[in-house]
Structures are given as structure tokens and as C-alpha cells.
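To start, the structure itself, in C-alpha cells.
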Amino acid sequence: MTEKIRTAWKFLFGDSARAFGSLSVVLVVMLAVVPAKDHFREWLHYQHEYQSLIRNRSDGVSLARRFQGGVQQIWLPELDVVDRCATCHSGLKEASLAGVAAQPFRPHPPIPHSLTEFGCVMCHRGQGFATTVEDAHSSTKAWEQAILPARYVESSCGQCHERPLEGTPQLNAGRDMLARYGCVHCHKIASPEGRVMTATDDPPSLAHVAEKTTREWIFAWIKNPQAYATTATMPNFQLSDEDARDISAFLINQSTPYIAGAPRKTPAVPKQDDTAAVQQGSSVYGESFCASCHAMQNAAGLMTGGNIGPELTRVGSKVKPEWLADWLRNPKVYDPETAMPHYRFEEKDVGLVMGFLGSKTDSDFLKDVHMDTATAAQIAHGKTLVSERGCASCHEINGVAHADNFAPELTAVGSLPLAKILFAPGMAHTVPDYISAKIRNPRSFGNALKMPKFTLSDSQVDSLVTALLAQTTRAKTLPATLRIQAAPPSTYQPAGRAGQLMTDMRCFSCHEINGRGGSMAPELTWEGSSVQRGWLVSFLKRPNTLRPTLIRRMPKFNMTDEEASVLADYIMTVYQTAAFDGAAKFAGGDSAHGKDLYYGKYACNSCHILDPAKDKGYIGPTLTEVGLRLNPEWIFHWLKNAQALRPGTLEVNWNMNDEDARAITAFLMEQKAAPRKGASR
Amino acid sequence: MKLSEAVVGVRNSRVWRSVFRAGTGDTNLHRSLAVQQNVFMHLASVKVRRRALDFGVTWYLGTLSLGCFLILVVTGILLMLYYHPSVPQGYADMKDLQFVVSAGVFLRNLHRWSAHAMVLLVFAHMFKVFYRGAYRPPREFNWVVGVVLLMLTLFLSYTGYLLPWDQLAFWAITVGSNIMSAVPLMGAKTRFLILGGNTVNANALLRFYVLHCVILPLIAVVFLAVHFWRIRKDGGLHTGEKTHE
Amino acid sequence: MSEPKDFTASMDSDSHRTPVRVAFVTRRTSPHVEARDDKNVMTYPEVLLRAAVAVEVLLLGLVVWSLFWDAPLEGLADPMLTPNPAKAPWYFLGLQELLHYFPPVVGGVIIPTLVVMALIVIPYFGINIEAEGFWIKDREKKMRVLGSVAVALVAFLAWFNVYAVLIPTVLIAGIMFLGAFASPKPGRLRRWLDSKPLSFWIMSWFLTAAIILTAIGTFFRGAGWAWVMPWSAE
């Protein structure tokens, strides 16, 4: 045997020439492995699989005709996109493959953009260059950005779209939350143009907090805000009893009086056991539509009301009566910036509302809270804590300056390099997982961290992560023409006495005019073109609802005749659309024909109520008194093209001819049912 | 039989003989002519002492270094067909090599690993030469040429290191060039000259590319020629034979 | 062919075979030149074939290596994102390791310049052409000079806490000075060591230090250039 090996060795490597020859053969064989390896590339395998998938289908011939072999690439230099995903994902554009479950052959669901104009990695991220499964989808040393988990994919829309989109509810919700939960008080988040996101919450000033509430309440509140109000947006700072004690001591200590001078009179407040009076207060609360902004938990535990103002379920355990009286009389005395309108309550009503709110207590909430007199050391420690925890990032506090950039900037957090992240042990090393864990439980990354814990549902966290993942560095490099910028913040301010009144009654808390204001109530930019003055004056004096299904309605501000008249004049004069001539007189039409059209051709009654006994349309506003309310020219143009008058309205764009529109307008102008007394429920 | 006759026929043809004048014989004369009549081969001597071919004498480290150099030239030229020395296209070309070009990964691997092997082999060659005492007169100048070739090898490898334009490349060159700026008086100027700027950027990439693909290989070829020529002129390889025990 | 003949020497007569050939006769050896079977082989084809075989073996190894191990490639260069640690190519890691100990001028300029200069001048001095034991002549003087150089070097390295170089320095110097003290019955290894010239010791010192420094820089340095064990991943 050894002899044989020796002979073979001698034959192959006996002398230099033989060794050269033998080695050359081995070398050629090894080099032949190189093209052989190319032959077994993954994408070739997938293309073969795709071909056998379509071969047996009835539409196989047309699919095969559209199939192209080889590396498929989408190259968009201006977007910095080189995508080879379609090399394996051969059926992306084949809608007929909708039933195919196996990846990579599923077709892409329909989206508003063309795949070839935007590529894949713009939305899905991952490595577009790659033609292997591993490299394209996962985070590797050579390409950190892994493919984006599908549940966050809306975030990619946010790279260009700064305005809310209909198709991205999660992204919109996340962005709202960033503003509403006050994230942006501490974290700077800027758009690619450099516009910094601003908060929409209104954290109260604490400069006079001792006038408003007690140290005990502050202690209980900062320990766990959600125990006082489940809807509270204030996060839990996970304070120890000692820290909460010292912070409350400091906050009371730094507080200053907000009205100098004599002690204030409190109106006659009914006793709590006077159920009739409390019931009366509840009625005033209801008629004033406080619930449009303030939520309250009823006996059944159901939360009803708006989220513009704070929840009032346990307000009786919180506020001091003197403060509440002042606040109800005119909130601006305590807080000039408040969103709360100035109700012109009579003293009697103030007392009644106080009686009702005073009944909203929770005997358990402050049961175990007993505060001793604060020592100077405790107050000093409290001040240190207030600075360290960044309380002044949100609240105005005497003696503690507002800190800019208190927390890390999040403008490009979606592209955060993994090397810059300190992951908690055991967690997946990806940016979405990091952001999500950080929001869910900030202290899991270390007890010394300052970030407080928010009470959020899983879907809320997903929304926030989605909104934050939209903050990428890629967004900055995209062409400006692609970007749909958010509407610039409006500084619109109406002039004169009407302007003062609108400010006093905080119209902008609910109504939008010329780009400024809330979204709860109808936009009023062209209100003057749409309504009749007589109706407007009576509505301002005694608002009743136009939309029967709404819980949140226009409150009654107890205006004087003079105030209502000034406001109405201003609205009629200034808030005029340019879409038609406001001075034009409606030409009239065939109202009988209009009635036929109303009930027949256009079936307006499916959304609007004309006869409360018969009609069941609850989507649009009631039209029983529309002839008293609206301007006929407005109705006429509205019927022709409602979207032109109010973009985004639910009203169908009928594209009616002039004759039909005139006829229906004439019919509607005859609807002048007397407004029902106390229509507001 | 037929084949070998055809080969002999070709080698005796007028055209073949006009190119290779040495002829086909097996005699030492023919073999000497084969070396002498070849512009590349004539750097080497016609005969070599048998002992110099023993593995233990050189470990063939010089030959292997040259082998690496040749592999690098071939793979390097092929890589140049795919590479653009610009930012960030240079990096995209790496991705193309990896994911699209047939055998692209293999080509890059071979170039990269050969470059590492060459640095290692050249160092080993130097120490082997030293410990064999082959640097002594009359070979002292060839030793100096060898040191220059070592520097060239390092510089070739270093300039090539930047070309993929990835994090590894960028920061390795940044660290390296920062060392340069520590040179008193002219450090910053030297760094500026080599990088074509104050930081490692697109200019540095282009400069390193030209150095790596044109200037340094040309200089290296000249020094290699001198190095081999000198082996012959300094009396062949030092066999390390001792004149006494 | 006109070497200075200011020593006892005999010339090999065959100048074609060995163009420069000097034989030295020292006190301990006889002038007898051993006869050798010093046959020549033709460059073409034998030497060329052997070289080709060597290169083929190398190429084969590299091809196999390249087929199964991909060259490293990381993310696109980002000047704003410094990796920690940022490492130079492996052959410069010894130098980078020195920079960790010394100020840049010393570690980055003076030391490498000295190394390159030393490499260039090696063949031009102290070549010990007679292969004479290093300590035979001027033992006292050499011990004084080299002793003080070695002590100064060790002190310098200790001052900068460069234990990675200090340890091989002490070791090599120790072995070198061993030769200064005569051994009654020197073994083969001892005789071999005794015969080594100064340049041998310097080169060995350089080689050992370079290998140790490069190995430390490559395998034992992590974030912030702090000491890590290569097997303690992240």
C-alpha cells in the first residue's frame, strides 16, 4: 500500500515538471469552483422557483412574458436608491398572484406610489444592493439598517409627508402623541426644513400653584398622576416618597399669589348634601358644554367628554374653592394663556358649578397622605430634584429656569447608528426595539435615567415608535420637491373689538380660522359667506346644535346683545370667500323640482334630516331651518362643488348642473321651521 | 504523438523562431540562451547553485512575495474595471462586486487576502534574510533595496485599504494619517499633501487610488527589477554555507 | 575581485562559480576549506519550474481561502460616526499600540524613523564578518556601554509603562549578557548564542517587540483602546 502511494507520489510530484503539471491541474479545478459558485447563487434559485410557480397557472403565459431573468434593479440616483429586491421578488407587480402566500413571490399590495418611481428601500429599508436573503433583510456589519418590521412601515411615509395622511393613522396618531404628551418639551424634533415640532399640551404654570391646590394633592399627583385622572398625560417619574415630599414642599414654597390685595369673596356654594342644588350645578355644567373639553368618569366608570381640558372626575379633591371661583369667573386672571374660554357666568351660576364640581371627590385619593411642615433642607432638596428631573421643561416654576435641550434630540432617531445605542441586556439590537423599550420602560436602561414612564397602550407605543422612525437622515437628503411640508403655523389674529371678544372666548380653542385654531368645531374662515346674519346672532346668543349626534357642542358664553352683534358683524364682513361674489343675489329656481331632486336623484335625505319625524340621516347637519341659516348663494355653490368651498368636507362632490343646483337651493331656502326651544339636549 | 510533432513543428517555425531565438534544444547552451535572450529572464543568472534551491535556505519567501505581487497586479487590474474612485460610488462598487459581478467577491477576496499575505511574506523575507546573514557584503545594497520594497509594500497596502470607502477603510486611514501629522514642523503639510485636504475625503480617495494603481506599482516594478538584477550581480543567492565549522 | 587582504585569508580560485568568496581563518579554526558538492542547475527550466510550483502552492492556498472567507466590508464611511476602537490595518497596529504609550512625536515619528534608519544601516556596520563571539574582545567596555544602554532603555520603557516592550527587552538583554560570563562547559545552544553579533540581538529584540505589540493591538484592544480578552466577545 505505502509502495503504491510512493509510486503515485513519484508520478505526480517526482520532479519539478511533474509537480508543476499536477499542481496546475489542481489549481484549474479549484478555479473552476468560482464560476460554479456563481451558478448556485440564491437569486437564480428563486427565479427558477418563480418560473416553475407560474408554469402551471392559467395566466402562466402572460406572466412568463413579463418575467425578466437576471438581476433586476431600480436605480434612482436622486433618491439614493439602488434596489435589487425585484431580482427575487419577481411577482411584485403581478396582481393576479394575489393568492400566492409564499414569499418572495407575493405581489405588492396597491399603494399610491409607483414601485419603479420610489423603489423598495425608501419604505421598507434594508439593503437594496443585496441579492441574498440574509444581506438584504437583516442587519449585518456591512449594512446596519435591517428591513423595517411591517407594523412600523407607515413611518416611511412620514419621511416625505409631514401632513397627516388618510392612509397612515398610526403615523398621524404617533405624531399627535409626540406633541400631546409633551415629548417635544424635552426632546427636540425638527423637520428636514428645520421646523421644530411644538407641543400641543398646555402644562399649567406652577408659579401660583399653592393658591390652586394643596401640598397633599401635589404629593399624591406626582407620585402617580394616573391615580388621580386616568387620562392624565403627565408621566410617572417613579419618585420615592422622600423625593415626592421634598418636591411638593418646594413647589408650595416657590408659589406666589396671583392677585394682590384683599381676600376674595366666594359666592354662596350649595352644601354637598343639597342634592337639588348639586343637580342644578350639573345642569349648568351641561348647558355650558363643559364636557366639550373636559372629561368626567360617570358612576358606571365610562369616560365622557373632550380631552382639551383636564379630566374632572376627582376635581373636588384637588382645587381650593377661592381659586375655583376666580377661575370660573375669568380663567385668564390666573392663567393668561389658558385655552379655557371666559364664560360670562352670573355669581349664582358660579356657585352652582362649584357645588357640582365640589361633589366630584375621591375620599380614597388623599386618605394616606399626611405632610409635616417642610424643613429648609427638604425645600432645597426639592429644588434640586425639580431641576434634575426637568420639571421646568414643561412647567413654569419660580426660580428654576426652563432648560433647552434637556433630553437628547430626536430629529434623526430613526437612523440612530447601533454603535451609539447602549442596549439593555437581552434585548434585540435594532432601533425600533430600542425606541419601543425606551418608551415602555425607560428605567430598564438604568435607574439613574431621568426619562419618566408614560402610561400608554401597546398600540400607542407602536404609534410613537412609528412617528419616531420617520425621523431619518434619509429624509434630509431627499429632494425638496418630494416633501409635503406641514402647514406653517398661523399667527392669525382678528382685529379690533371682535378680535378681543374672540380671544376672550377662546374661539380658536375649537374653531380654525385662516389656518389657526383647533379642529374640534367647524372651520369658520368663510363663515360670513355661508350664513345669514340674523341666524348667526341668535346662534351666538343661544347656541343649539346643528349635528344631533355630537356630544361636544358649542357652549353658551352668556354674551350680551351688543357683543353678539359686534361678533356677527365682523364675521359677516371679514370671513368671506373669494369663490363667489358675496353681494350677488340668488336668482331663484324651481323649488318643486328641487324637492324631487332632493328626495330622488340626489337622495340628500340619506345624510341630512329635513323632517325629524321621517328622516334618519345623521351624517350631515340637520336642514330643518336651513332657509333661515344659510346664504342661498353658498348653498348653490356648495351643491355644485363643495370641495372647492371647504376642502376635505364629507359632502359629495355632485358636480351638479346649474339648473339642478338652483332648484335644490330654492327648495332648501323654503325650509324655515322655527328653531325649537332648548334644542340643545 | 501527433500533438508533440505539431508542437515541435510550431516551435521550429519561422515565426516562433523570430520571437524565441533560443531554439528548442535540451542542451545547456539552449537553456542558457533561453534566459539570456529574454528581456525579463535575463535579470536572473543562467545557472544557480543547487544548494540555493534548498527549501531551508530561503523558504522561497522572496519568490512567494513576487508571486503575491503578480497575483495582486492581475486581480487589481480586473478590479479596476469595476471601480470608480469617487464618493460614495466607490462603496457602491464594492456592493456591486459582492452582489452582481460574476465572481466579483472572489476577485476582491483574492486581492485583499493576497495583499495581507504579501505584507506578511515580505516581512518574513526580511527576517529570513537577516538571520541567514544574507544582508552582509556584497549584498548590502540589495538589502537597502529590499527595505525600500518593504516600505513600498506597506504603502501599497495602506493606499489600497482606503479604496472600499467603508467605515473600516475610512477610520484606518484617518488614524494612520493622524499619526503623520505628529511629525514636527511639516507634519500637517505632509498630511495635507498625501490626503489632498485636511480630512480624509473624496480628494484623498482619488489620490490614494492614483498612488495605489499607478505611481506605487511603477516604482515597485523598478525596484523589483533592481532587486533581482542585484541578486545575480551580487553572486547569486546567499546559501549560508559556512567556511568553517 | 580586489578585496582588501588585511587579514588571514585564502581565496577560492573558481571565480566563475562564486564570484565573491572570502574565507576567514580565525584563531580557532584551520584555514582548510571544506570541499563541497556545489553543483549548479540551469535556471531554465529547473529554477523557473520550482518558482512556479512555489507560486502555485501559494495561489492555491489563497484561492481556497478566498472561496470560503470573504474580505471584510463594513458600512459606508461616515465621518460623523467614529467606531470604537478605530483601528489601523494590522501591520500598523504595533505602531498604534506604541501611540497608546508615547506622545505622538515619539511613538508615531521618532520610533518608526529610527527603525527604518536602523534597517537601512544594518549591513554597513558591525557586520561581524568574522563571526566572532560578541564578547571575546573588549568585554569590560562592552558590558559597561551596553549595560548602561539597556538600563536606560528599561528605565525609559518603565517610565512610560510600556511593559509590552519592557519584558522582551529584559529577556533579550538577559540572554545577550549571559554570553559575557564564561561558561566552563558551554553546550551547543550556548556556543551558538555566544557567537551572535550585536545586530542579531537588536534585530531579535525588534522582532519580538513588534510581534508582541502587533498581537496586543490586534487581539487585545477594545473600546477606548482598553485591554480586552479576544474571547470575551463584546
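The values are calculated or read from the model by the stated rules, or taken from the named source; none is laboratory data. On a predicted model such as this, the values are computed, not experimentally measured, just so you know. Quick reminder, even Gly has a Cβ in these numbers, built from the backbone with ideal geometry, and neighbours come from all protein chains shown. Surface areas here come from the heavy atoms of the whole protein model, side chains and all, with no ligands, DNA or RNA. Shrake-Rupley method; radii C 1.70, N 1.55, O 1.52, S 1.80 Å.
Values as computed for the structure displayed
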item: Helices (runs of 4 or more DSSP H) contained entirely in the stretch A:110-151, each with at least 3 residues that are open to solvent by 30 Å² or more (accessible area, probe 1.4 Å); result: A:115-118, A:133-137
item: Candidates A:ALA339, A:ALA325, filtered to the one that is open to solvent by 30 Å² or more (accessible area, probe 1.4 Å) and among the aliphatic types (A, V, I, L, M); result: A:ALA339
item: Qualifying residue in the stretch A:173-191 (condition: in contact with a Lys or Arg (Cβ under 9 Å, 6 or more places away or on another chain), farther than 26 Å from A:GLN254 by Cα and at pLDDT below 90); result: yes
item: Neighbours by Cβ (under 6 Å, 6+ apart or cross-chain): first from the stretch C:61-78, free of Cβ contacts under 8 Å to residues at least 12 places away in the same chain; second of a type in the set (Ser, Thr, Tyr); result: C:LEU62/B:SER114; C:LEU76/B:TYR91
item: Options C:ALA86, C:ALA54; residue that is open to solvent by less than 40 Å² (accessible area, probe 1.4 Å) and either more than 26 Å from the chain's Cα centre (by Cα) or more than 7 Å from chain B (Cβ to nearest Cβ) (or both); result: C:ALA86
item: Residue check for A:THR491: open to solvent by 30 Å² or more (accessible area, probe 1.4 Å), touching a residue at least 24 places away in the same chain (Cβ under 8 Å) and out of contact with any Lys or Arg (no Cβ under 9 Å at 6 or more places or on another chain); result: no
item: First in the stretch C:104-123 and more than 9 Å from chain B (Cβ to nearest Cβ), second anywhere and surrounded by fewer than 16 Cβ atoms within 10 Å (Cβ to Cβ) and β-branched (Val, Ile, Thr), Cβ under 9 Å, 6 or more apart; result: C:ALA118/C:ILE202
item: Of all residues in the stretch A:24-51 being closer than 19 Å to B:PHE106 by Cβ and of a type in the set (Asp, Glu), the one that is most open to solvent (accessible area, probe 1.4 Å); result: A:GLU42
item: Any hit, the stretch B:180-196, residues being on the phi > 0 side of the Ramachandran plot and either open to solvent by less than 20 Å² (accessible area, probe 1.4 Å) or in a helix (DSSP H, G or I) (or both); result: yes
item: Sole exception among (1) more than 10 Å from chain B (Cβ to nearest Cβ); (2) part of a helix (DSSP H, G or I); (3) at pLDDT below 85 for C:ALA158, by number; result: (3)
item: The stretch A:413-469, residues that are of a type in the set (Ser, Thr, Tyr) and within 14 Å of chain C (Cβ to nearest Cβ); result: A:SER415
item: Considering residues of the stretch B:130-163 that are open to solvent by less than 10 Å² (accessible area, probe 1.4 Å) and not in a helix (DSSP H, G or I) only, the residue nearest to the other protein chains (Cβ to nearest Cβ); result: B:TYR135
item: Candidates A:GLU3, A:GLU42, A:GLU94, filtered to the one that is out of contact with any Leu (no Cβ under 9 Å at 6 or more places or on another chain), among the acidic types (Asp, Glu) and without any contact (Cβ under 8 Å) to a residue 40 or more places away in the chain; result: A:GLU3
item: All helices (runs of 4 or more DSSP H) inside the stretch A:1-96 with 1 or more residues being closer than 30 Å to C:MET42 by Cα; result: A:2-13, A:16-39
item: Spans of helices (runs of 4 or more DSSP H) in the stretch A:366-476 with at least 3 residues over 30 Å from C:GLY75 (Cβ atoms); result: A:376-388, A:458-469
item: Given (1) away from chain C (no Cβ under 14 Å); (2) open to solvent by 40 Å² or more (accessible area, probe 1.4 Å); (3) out of contact with any strand residue (DSSP E or B) (no Cβ under 6 Å at 6 or more places or on another chain), index of the condition A:SER387 fails; result: (3)
item: Any hit, the stretch A:161-178, residues being hydrophobic (A, V, I, L, M, F, W, C), more than 12 Å from A:LEU464 (Cβ to Cβ) and over 13 Å from the mean Cα position of the chain (by Cα); result: no
item: Test set (1) open to solvent by 40 Å² or more (accessible area, probe 1.4 Å); (2) farther than 27 Å from A:TRP143 by Cβ - B:LEU168 fails condition number; result: (2)
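Residues checked against (1) assigned to a helix (DSSP H, G or I); (2) open to solvent by less than 40 Å² (accessible area, probe 1.4 Å):
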site	(1), (2)
B:THR24	no, no
B:CYS68	yes, yes
B:ILE71	yes, yes
B:VAL74	yes, no
